[in-house]
Amino acid sequence: MTEIKVCGITKEDDLLRLIDLNVTWAGFVFYKDSIRNVDYNHKSLFEVARNKIGIVGLFVNPKNEFISKIVQKVKPDLIQLHGSETPGRCNEIKKMFGIPIMKAIEVKNSESFKDVYEYEEIVDRFLFDSKLTMQKLQGNKTNTLNWEILKKYNGSKKWMLAGGLNHRNILEAIKKSNSKNIDVSSGVESSPGVKSKELINKFIYKIRSLKS
């Protein structure tokens, strides 16, 4: 079954919807410059998620002290590093906190996989994304990447496809990339940072129609 991650969750109603739909992962953004930034003291939100859906904590070049606070209060199952973290920094975070790491990698062309392989023995997963601009990190919609390039990845790690996905293009994206795992955020929003029940439903049902 395709793993699906919906990122940028800030409201309990949206989270409950994902749980009802049996979505694999809920992504929480801990980056103050993002429109989807969530307060790690939002205790009730994380209590709804715990043991019902995988919790992903998204960070951008975080300091250890900040990660420590999130780990204590949120207890993420997976740490997503979405900045310019080096392989060494990823390894440091993984060893310090003992939580699996998913590293976001900007895939421009087939040469981008040279960067991927530097992380191969360190991180647990990859998230292959379109260009990691400041606008994207702040929560704005982005373009898709060249999905067919992803077929050239021949490493051993599980990976997720991200970047500009929505219910209109997701089936084509899966077909062209051979992706088994999908990440979405702005593609299921009615406006920046506001999740849409209708768009979430359409996105999930489109993916699951592949199995019907």
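Of the residues examined, I9 is not one that is in a strand (DSSP E or B), within 17 Å of S196 (Cα to Cα) and in contact with a helix residue (DSSP H, G or I) (Cβ under 7 Å, 6 or more places away or on another chain). Looking across the stretch 73-85, the residues that are surrounded by fewer than 17 Cβ atoms within 10 Å (Cβ to Cβ) and not charged (D, E, K, R) come down to G83, S84.
Total residues in the stretch 120-142 satisfying the condition of being within 20 Å of K180 (Cα to Cα) and either modelled with pLDDT of 90 or more or surrounded by fewer than 15 Cβ atoms within 10 Å (Cβ to Cβ) (or both): the figure is 8.
Condition (residue is touching a strand residue (DSSP E or B) at 6+ places or on another chain (Cβ under 7 Å), crowded, with 18+ Cβ neighbours inside 10 Å and either farther than 30 Å from D33 by Cα or of a type in the set (D, E) (or both)) applied to the stretch 156-173: is it met by at least one residue? No: zero hits. Applying the condition of being closer than 17 Å to W147 by Cα and of a type outside the set (D, E, K, R) to the stretch 86-119 and asking which residue is surrounded by the fewest Cβ atoms within 10 Å (Cβ to Cβ) yields N109.
Can you tell me which residue among I9, I4, I53, I70 is of a type in the set (V, I, T), in contact with a Ser or Thr (Cβ under 6 Å, 6 or more places away or on another chain) and surrounded by 18 or more Cβ atoms within 10 Å (Cβ to Cβ)? Lay out the reasoning, then the answer.
Values: I9 fails: in contact with a Ser or Thr (Cβ under 6 Å, 6 or more places away or on another chain); I53 fails: in contact with a Ser or Thr (Cβ under 6 Å, 6 or more places away or on another chain); I70 fails: in contact with a Ser or Thr (Cβ under 6 Å, 6 or more places away or on another chain).
Exactly one of I9, I4, I53, I70 is of a type in the set (V, I, T), in contact with a Ser or Thr (Cβ under 6 Å, 6 or more places away or on another chain) and surrounded by 18 or more Cβ atoms within 10 Å (Cβ to Cβ), namely I4.
Within the stretch 43-62, residues that are among the basic types (K, R) have Cβ atoms under 8 Å from residues that are surrounded by 12 or more Cβ atoms within 10 Å (Cβ to Cβ) in these pairs: K43/K73; R50/K75; K52/I19, counting only partners at least 6 apart in sequence or on another chain. Summed over the stretch 141-197, residues that are under 14 Å from S130 (Cβ atoms) and among the aromatic types (F, W, Y) total 1. Just checking, does the stretch 163-171 include any residue being modelled with pLDDT under 95, over 21 Å from V29 (Cβ atoms) and of a type outside the set (S, T, Y)? Among the residues of the stretch 163-171, not one is modelled with pLDDT under 95, over 21 Å from V29 (Cβ atoms) and of a type outside the set (S, T, Y), which makes the answer no.
The values are calculated or read from the model by the stated rules, or taken from the named source; none is laboratory data. None of the values given here were measured: they were computed from a predicted structure. FYI the Cβ positions are ideal-geometry reconstructions off the backbone, even for glycines, and counts take in every protein chain you see.
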